[in-house]
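To start, the structure itself, in structure tokens.
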Ligand code: ACM
Ligand code: ZN
């Protein structure tokens with residue numbers, strides 16, 4: 001990229017002969033490859049043969065076959081897939097020297113040579129190629145009039161961070177399998193590799209667990225939902241039953257779909273707090289025995305799982321056993337955030353457990369806070385004994401935390417800095433940069449109602465995950481993730497509007513070397529990205545294009561507030 005910038009700043013523009021999708025100075029790939037040199041000329045893609053070297057693995061070759069099919073569909077000219085070498089065409093070769101997510105692309109007028117050592121590298125190469133082609137590449141329809149040519153380039157690319165995540169809360173509002181797949185498609189375009197699926201909450205339990213059928217018979221449904229802003233008492237409730245869940249077959253379908261895109265799904269079962277929907281289903285798991293109802297409003301609930309009772313641990317282990325059967329990835333997220341201790345202070349079972357464990361207030365932590373450490377440690381051991389690792393929100397750092405846990409820093413970056421210094425692996429998802437449920441503009445006339453905050457796309461973009469981390473601890477920063485909580489997001493349109501273009505900005509934080517980041521270049525690339533969103537039919541915030549905020553058909557924030565006052 002440095003090379004393009006210097007060419008441009010020197011005023012030396014190279015022009016590609018004939019019509020083409022992107023001129024050299026307009027390369028609009030996001031995330032921008034870490035090393036790219038553009039030269040003169042272009043390669044005609046329509047009708048080009050596609051060769052996959054037999055040394056590439058089965059997944060890589062299957063992906064390349066799909067790539068050839070896609071080219072045929074969108075260009076309207078057959079791109080034949082072959083495993084015997086071709087003199088002219090697009091050739092995918094195996095190169096064991098390249099890292100597991102690296103790839104190279106060399107485009108000359110007659111030949112495109114792609115090299116990778118894994119299916120992941122092959123996938124990323126095709127995403128890069130796709131972004132150099134007309135936006136119609138991402139559609140379902142034939143567009144023979146588009147300029148199906150690639151600029152002559154030489155790319156040598158690999159990601160900065162190995163963990164590139166995006167979270168979706170399907171509990172506050174439920175999103176069906178089709179929308180989850182769209183979310184995954186967008187993640188794949190941006191070369192992300194981990195989908196963090198927040199599946200349990202106070203407001204709804206979303207995953208079928210065979211041993212506990214009431215979790216979805218009862219826990220997946222609430223009788224009412226808060227209207228308007230959380231603190232706006234006058235706005236009231238809608239008194240309408242709301243909910244949904246994924247069957248285990250649907251979960252398997254999503255996991256398989258993600259896997260094909262090179263994305264691992266990391267499930268989150270948030271415990272011991274954020275468990276009201278489970279308590280409504282099985283009240284005996286709480287300190288008081290209930291009754292409880294699936295929570296109709298937002299904020300933090302004081303009702304949490306009772307760690308004084310053995311059956312609570314039986315429940316957790318049974319649930320996680322089914323979860324681990326469904327999700328093959330190495331990480332199981334056990335949440336751990338926002339767990340009030342007021343019930344534990346009064347509960348005879350919890351107090352007995354505290355006495356048995358000999359917990360006393362120490363080092364600024366109450367015995368009840370240490371009881372949460374006990375829960376984390378016990379669940380961690382169970383997960384580790386099954387060959388997996390836990391991830392938890394940064395609250396799990398308070399007090400003792402056993403080796404091998406990964407901490408997700410969400411209350412700013414301080415938890416992440418502390419965790420890395422203590423030798424824990426860290427995923428940076430600070431609310432200060434990565435909470436994309438926050439407002440992205442200040443346009444109260446047009447923004448749909450949100451949870452609050454203010455996080456424009458350029459703030460997400462400038463996140464520097466190593467800031468404040470001593471050099472020797474930087475190896476613990478596995479990567480970066482943005483989180484999309486959905487208290488105020490009840491439609492697919494609004495979900496996508498919150499996501500884009502901030503997910504694109506996130507992808508450059510995750511992928512691009514520090515020296516390769518440039519917000520002005522990113523902003524210029526957004527016109528092409530927006531054209532891709534249009535082809536995909538997804539909503540996005542257009543402010544970065546100089547257009548107004550808001551979603552067509554939505555009233556703005558003030559209107560939302562006015563509605564809540566009625
Ligand atoms: C969180 O936002 N409570 C992790
Ligand atoms: Zn209790």
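The values are calculated or read from the model by the stated rules, or taken from the named source; none is laboratory data. Remember, it's a predicted structure, so these values are computed and weren't measured experimentally. Cβ sites come from the backbone with ideal geometry, for glycine too, and all protein chains shown count toward neighbours.
Of note:
- Residue that is surrounded by 21 or more Cβ atoms within 10 Å (Cβ to Cβ) and either in a loop (DSSP other than H, G, I, E, B) or under 14 Å from the mean Cα position of the chain (by Cα) (or both), where the choices are 215, 166: 166
- In the set (1) touching a strand residue (DSSP E or B) at 6+ places or on another chain (Cβ under 7 Å); (2) not in a strand (DSSP E or B), residue 186 fails one condition alone, (1).
- For the stretch 302-339, the tally of residues that are in contact (Cβ under 8 Å) with a residue 24 or more places away in the chain and more than 16 Å from ligand 2 (Cβ to nearest atom) stands at 21.
- Meets criteria (modelled with pLDDT of 95 or more, in contact with a strand residue (DSSP E or B) (Cβ under 6 Å, 6 or more places away or on another chain), away from ligand 2 (no atom under 12 Å from the Cβ) and assigned to a helix (DSSP H, G or I)) for residue 369: no
- Residue 460, sole failed condition from (1) under 30 Å from residue 230 (Cβ atoms); (2) in contact with a strand residue (DSSP E or B) (Cβ under 8 Å, 6 or more places away or on another chain); (3) in a loop (DSSP other than H, G, I, E, B): (3)
- The residues of the stretch 340-353 that are in contact (Cβ under 8 Å) with a residue 24 or more places away in the chain and either assigned to a helix (DSSP H, G or I) or more than 16 Å from ligand 2 (Cβ to nearest atom) (or both), listed by number, are 342, 343, 344, 346, 348, 349, 350, 351, 352, 353.
- Qualifying residue in the stretch 363-377 (condition: within 16 Å of ligand 1 (Cβ to nearest atom), touching a residue at least 24 places away in the same chain (Cβ under 8 Å) and either surrounded by fewer than 19 Cβ atoms within 10 Å (Cβ to Cβ) or within 22 Å of residue 207 (Cβ to Cβ) (or both)): yes
- Residue within the stretch 269-283 that is over 19 Å from residue 200 (Cβ atoms) and in contact (Cβ under 8 Å) with a residue 40 or more places away in the chain present: no
- Subset tally (residues that are closer than 17 Å to residue 505 by Cβ, away from ligand 1 (no atom under 16 Å from the Cβ) and loosely packed, with under 14 Cβ neighbours inside 10 Å) for the stretch 426-457: 1
- Criterion applied to 496, 487, 508 was being assigned to a loop (DSSP other than H, G, I, E, B), at pLDDT 95 or above and under 21 Å from the mean Cα position of the chain (by Cα), and the one residue passing it is 487.
- Checking each residue in the stretch 385-414 for being farther than 23 Å from residue 457 by Cα, in a helix (DSSP H, G or I) and under 24 Å from the mean Cα position of the chain (by Cα) picks out 394, 395, 396, 397.
- Some residue of the stretch 83-105 being closer than 28 Å to residue 504 by Cα, crowded, with 19+ Cβ neighbours inside 10 Å, free of Cβ contacts under 8 Å to residues at least 60 places away in the same chain and out of contact with any strand residue (DSSP E or B) (no Cβ under 6 Å at 6 or more places or on another chain): yes
- So residue 380, is it assigned to a helix (DSSP H, G or I) and away from ligand 2 (no atom under 16 Å from the Cβ): yes
- Criterion applied to 426, 538, 480 was being within 21 Å of residue 33 (Cβ to Cβ) and at pLDDT 95 or above, and the one residue passing it is 480.
- Taking the listed residues 516, 560, the one that is over 19 Å from the mean Cα position of the chain (by Cα), more than 24 Å from residue 26 (Cβ to Cβ) and surrounded by 19 or more Cβ atoms within 10 Å (Cβ to Cβ) is 560, with no other qualifying.
- When residue 472 is tested against (1) surrounded by fewer than 24 Cβ atoms within 10 Å (Cβ to Cβ); (2) part of a helix (DSSP H, G or I); (3) in contact with a helix residue (DSSP H, G or I) (Cβ under 8 Å, 6 or more places away or on another chain), just one condition goes unmet, and that condition is (3).
- Helices (runs of 4 or more DSSP H) contained in the stretch 220-339 and holding at least 1 residues modelled with pLDDT of 95 or more, more than 16 Å from ligand 1 (Cβ to nearest atom) and loosely packed, with under 14 Cβ neighbours inside 10 Å: 248-260, 310-326
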